[in-house]
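Visitor: Sending over a structure as structure tokens; questions will come in a sec.
The values are calculated or read from the model by the stated rules, or taken from the named source; none is laboratory data. Predicted model, so just to flag it, every value in this text is computed and none were measured. Positions of Cβ are generated from backbone atoms using ideal geometry, with glycine treated the same way; all protein chains shown enter the neighbour counts.
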2 protein chains.
Amino acid sequence: DPQGWMSSWMLTIRTAFGPGCTLSEGRDRSAASEFRQKVRSGEHSWHTSGEVGNHVQANMVALPKEQAFDFLVFCLRNPRSCPLLDVLEAGTTAPLSVAPQANITTDIPRYRVYKDGVAEGLDGPDERKDIRDVWRGDMVGFLLGCSFTWEAALCQEGLTPRHIEEGCNVPMYRTRIPNAPSGVFRGHLVVSMRPYDPSKVDRVTQITSLYPGAHGGPLHVGDADSLFERFGIERERVGRPDFGDPVTVREGEVLMLWACGVTPQTAIAEARLPLAVTHSPGC
Amino acid sequence: DPQGWMSSWMLTIRTAFGPGCTLSEGRDRSAASEFRQKVRSGEHSWHTSGEVGNHVQANMVALPKEQAFDFLVFCLRNPRSCPLLDVLEAGTTAPLSVAPQANITTDIPRYRVYKDGVAEGLDGPDERKDIRDVWRGDMVGFLLGCSFTWEAALCQEGLTPRHIEEGCNVPMYRTRIPNAPSGVFRGHLVVSMRPYDPSKVDRVTQITSLYPGAHGGPLHVGDADSLFERFGIERERVGRPDFGDPVTVREGEVLMLWACGVTPQTAIAEARLPLAVTHSPGC
């Protein structure tokens, strides 16, 4: 059916092109569906790093249509931190392009609801497990690629990220690198960090670079001092990340940094929108 | 300057990635500037196929910000016909990402102004040579890749498209392939056609595929009958294109079809927006 292949091919949002970031035909997605069901029922309610290997993991942002154009342009202008996987129709909770059975108001373990730029219940029990009661018909949902997508591939090659070994959330840091602004959205780049032995860096770079729709390869590889020089992250802050948890850095290891999906969250908070919703960092 | 390289790299809108579709540093762009100046002064006032080789050519759409989100999503969902090169800030006439010195209200030879979906002065002398008097502070300009971009590369290899040989505009056809809709934007795919001897098809495909930001490779290669089967273009219509001019098709030649930048124009006309502006097809 020539119309069939063409329209399905043309439907794909190709900003987040690359392996794992288009909806390939005939693939078994039952593990992802089952995991979403566990989240929806409340059985899984915390971070998702290392869950459901070999599937795309997404970050989520939802905001009123009034700000949706500026936010979409923000994503296009900051593709390393905001790789678009899907843009939902206003008021629609199913991401038709990438996971038609999913529901963005119930299938994420924890949400942050921002009112005038202030997140309610940060890091506490008040962080919401669903957002059905704040959802409005004029809201537009965005799914953005997440670096957790390639963590399963790293684990399979014995390159397990430290935070998975240590059973915690990935460490994330605010930087002084300004985002390319769009309308009210600006703010600074946030990065995630994974320490590796220098002998592993090339292979970790190769694997992660295969996923441009999930932040792709590292933005930086270096020692703690170079973090300050390039990103404004002081050495002391390595053990006190701005988001997520600290991880052990072993003697001789280098710090690898990737653009992080928390970047749009900080831009949204700083924009002080009347209403916006995101996933909770790491969830 | 690590911040410099990073922010300039991150500024690039990467939906229209690929050769010729990012603003490479240090390249001589004076020929493009000079051509735009000729257009601005009225010296060049008709179609642009074959003009200014080795530079990116763009199609233009401008519409009120109220419809800009839906149109931007339309482009992302129909990347073959609507490859985004730049999205301008509302009210801004300079495309900062791809041609900071250009002005989208004066630098296109002919414009179409649509009011409630009806284009004024179609194909007549009333088609506007600038749109300064209809421009509004709430308008958002979009630049989309145009297949004219790779015509210089074809000419350089002796694969000159027929309409350039014959000094006319490329033939363009409405098809029955539905676009992926977004909000009020839907309509059908429009294709451009270039006939080639079968021995040339592989090389023409290779060259054009290098430019995903300018519609990329052909959607179809075949005889006149296959056009009807796949696209709903009757054999008789080959000599009577919906846009542009008819070209000679020689014995034994096949018809190569590409997604065309007139696609969003027809979607805009059908959406019956109160106001929208595009380039005139071929200009």
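Visitor: Please find, within region B:131-160, the residue that is nearest to B:PRO109 (Cα to Cα) out of those that are in contact with a Lys or Arg (Cβ under 9 Å, 6 or more places away or on another chain) and among the β-branched types (Val, Ile, Thr).
Guide: Of everything passing the filter in region B:131-160, B:VAL134 is nearest to B:PRO109 (Cα to Cα).
Visitor: If you go through region B:77-92 one residue at a time, how many are at the interface with chain A (Cβ under 7 Å from one of its Cβ atoms), at pLDDT 85 or above and under 15 Å from B:VAL190 (Cα atoms)?
Guide: 2
Visitor: Would you tally the residues in region B:227-238 being out of contact with any Lys or Arg (no Cβ under 7 Å at 6 or more places or on another chain) and surrounded by 15 or more Cβ atoms within 10 Å (Cβ to Cβ)?
Guide: Within region B:227-238, residues that are out of contact with any Lys or Arg (no Cβ under 7 Å at 6 or more places or on another chain) and surrounded by 15 or more Cβ atoms within 10 Å (Cβ to Cβ) number 5.
Visitor: How many of the residues in region B:203-243 are within 15 Å of B:THR149 (Cβ to Cβ) and not in a loop (DSSP other than H, G, I, E, B)?
Guide: Number satisfying all stated conditions: 7.
Visitor: OK, next. Could you figure out which of (1) more than 13 Å from every other protein chain (Cβ to nearest Cβ); (2) modelled with pLDDT under 90 isn't true of B:GLY137?
Guide: If we test B:GLY137 against (1) more than 13 Å from every other protein chain (Cβ to nearest Cβ); (2) modelled with pLDDT under 90, just (2) comes out false.
Visitor: Still on this model: Being within 14 Å of another protein chain (Cβ to nearest Cβ) and in contact with a Cys (Cβ under 9 Å, 6 or more places away or on another chain): is that true of B:LEU143 here?
Guide: Answer is no for this residue.
Visitor: Confirm whether B:ALA224 is in contact with a Phe, Trp or Tyr (Cβ under 9 Å, 6 or more places away or on another chain) and surrounded by 15 or more Cβ atoms within 10 Å (Cβ to Cβ).
Guide: So B:ALA224 does not fit the description; no.
Visitor: Moving on to the next point. What do you reckon, is A:PRO171 away from chain B (no Cβ under 14 Å), over 19 Å from A:ARG110 (Cβ atoms) and either surrounded by 24 or more Cβ atoms within 10 Å (Cβ to Cβ) or in contact with an Asp or Glu (Cβ under 7 Å, 6 or more places away or on another chain) (or both)?
Guide: It is false that A:PRO171 is away from chain B (no Cβ under 14 Å), over 19 Å from A:ARG110 (Cβ atoms) and either surrounded by 24 or more Cβ atoms within 10 Å (Cβ to Cβ) or in contact with an Asp or Glu (Cβ under 7 Å, 6 or more places away or on another chain) (or both).
Visitor: Criterion first (within 13 Å of another protein chain (Cβ to nearest Cβ), closer than 30 Å to B:ALA90 by Cβ and free of Cβ contacts under 8 Å to residues at least 60 places away in the same chain) does A:PRO178 satisfy it?
Guide: yes
Visitor: Right, another one. Can you confirm whether region B:186-202 contains a residue that is in a loop (DSSP other than H, G, I, E, B), away from chain A (no Cβ under 14 Å) and either out of contact with any Lys or Arg (no Cβ under 6 Å at 6 or more places or on another chain) or not β-branched (Val, Ile, Thr) (or both)?
Guide: Within region B:186-202 (the criterion being in a loop (DSSP other than H, G, I, E, B), away from chain A (no Cβ under 14 Å) and either out of contact with any Lys or Arg (no Cβ under 6 Å at 6 or more places or on another chain) or not β-branched (Val, Ile, Thr) (or both)), the answer is yes, since at least one residue qualifies.
Visitor: Ok, one more. Go through (1) more than 14 Å from chain A (Cβ to nearest Cβ); (2) at positive phi; (3) not polar (S, T, N, Q) for B:ALA58 and report which single condition fails.
Guide: The single condition B:ALA58 does not satisfy is (2).
Visitor: Something else about it: So in region A:4-52, with the set limited to residues that are assigned to a loop (DSSP other than H, G, I, E, B), modelled with pLDDT of 70 or more and of a type in the set (Ser, Thr, Tyr), which one is nearest to A:THR160 (Cα to Cα)?
Guide: A:SER49
Visitor: Still on this structure, please answer the following. Could you give me the residue pairs with C-beta distances under 8 Å whose first residue belongs to region B:232-247 and is within 10 Å of B:ARG174 (Cα to Cα), whose second residue is loosely packed, with under 13 Cβ neighbours inside 10 Å wherever it lies, and which are 6+ apart or on separate chains?
Guide: B:GLY232/B:ARG176
Visitor: Kindly provide the set of residues from region B:159-170 that are out of contact with any His (no Cβ under 7 Å at 6 or more places or on another chain) and closer than 19 Å to B:ALA224 by Cβ, ordered by number.
Guide: The answer is B:PRO161, B:ARG162, B:HIS163, B:GLU166.
Visitor: Can I ask one more? Consider B:SER226 against the criteria (1) within 22 Å of B:LEU143 (Cβ to Cβ); (2) among the polar types (S, T, N, Q); (3) without any contact (Cβ under 8 Å) to a residue 40 or more places away in the chain: it satisfies all of them except one. Which criterion is unmet?
Guide: Of (1) within 22 Å of B:LEU143 (Cβ to Cβ); (2) among the polar types (S, T, N, Q); (3) without any contact (Cβ under 8 Å) to a residue 40 or more places away in the chain, only one is false for B:SER226: (1).
Visitor: Another question, if that's okay. Looking at A:ASP245, A:ASP225 in this structure, which one is within 14 Å of chain B (Cβ to nearest Cβ) and acidic (Asp, Glu)?
Guide: Going through A:ASP245, A:ASP225 in turn, just one is within 14 Å of chain B (Cβ to nearest Cβ) and acidic (Asp, Glu): A:ASP225.
Visitor: Still on this model: Could you please let me know if A:LYS200 is among the charged types (D, E, K, R), in contact (Cβ under 8 Å) with a residue 24 or more places away in the chain, surrounded by 15 or more Cβ atoms within 10 Å (Cβ to Cβ) and more than 27 Å from A:ALA68 (Cβ to Cβ)?
Guide: Judged against the criteria, A:LYS200 is a match.
Visitor: Check whether at least one residue in region B:208-215 is closer than 17 Å to B:THR248 by Cα, in contact with a strand residue (DSSP E or B) (Cβ under 9 Å, 6 or more places away or on another chain) and either of a type in the set (Phe, Trp, Tyr) or more than 12 Å from chain A (Cβ to nearest Cβ) (or both), and report yes or no.
Guide: No: region B:208-215 contains no residue that is closer than 17 Å to B:THR248 by Cα, in contact with a strand residue (DSSP E or B) (Cβ under 9 Å, 6 or more places away or on another chain) and either of a type in the set (Phe, Trp, Tyr) or more than 12 Å from chain A (Cβ to nearest Cβ) (or both).
Visitor: I need a count of the residues in region A:62-75 that are crowded, with 24+ Cβ neighbours inside 10 Å and touching a Ser or Thr at 6+ places or on another chain (Cβ under 6 Å).
Guide: Selection size over region A:62-75: 2.
Visitor: Here's a follow-up. Just for strands (runs of 3 or more DSSP E) wholly inside region A:57-148: which have at least 2 residues that are among the small types (Gly, Ala, Ser)?
Guide: Where strands (runs of 3 or more DSSP E) fall fully within region A:57-148 and carry at least 2 residues being among the small types (Gly, Ala, Ser), they are A:58-64, A:139-145.
Visitor: Of the residues that make up region B:155-168, is at least one in contact with a strand residue (DSSP E or B) (Cβ under 8 Å, 6 or more places away or on another chain) and assigned to a helix (DSSP H, G or I)?
Guide: The answer is yes, given that some residue of region B:155-168 is in contact with a strand residue (DSSP E or B) (Cβ under 8 Å, 6 or more places away or on another chain) and assigned to a helix (DSSP H, G or I).
Visitor: On the given criteria, is B:PRO100 surrounded by fewer than 24 Cβ atoms within 10 Å (Cβ to Cβ) and over 19 Å from B:LEU273 (Cα atoms)?
Guide: So B:PRO100 fits the description; yes.
Visitor: Residue under question is B:PRO281, and the condition is that it be assigned to a helix (DSSP H, G or I) and closer than 18 Å to B:GLY141 by Cα; does it hold?
Guide: No; evaluated as a whole, the condition is false for this residue.
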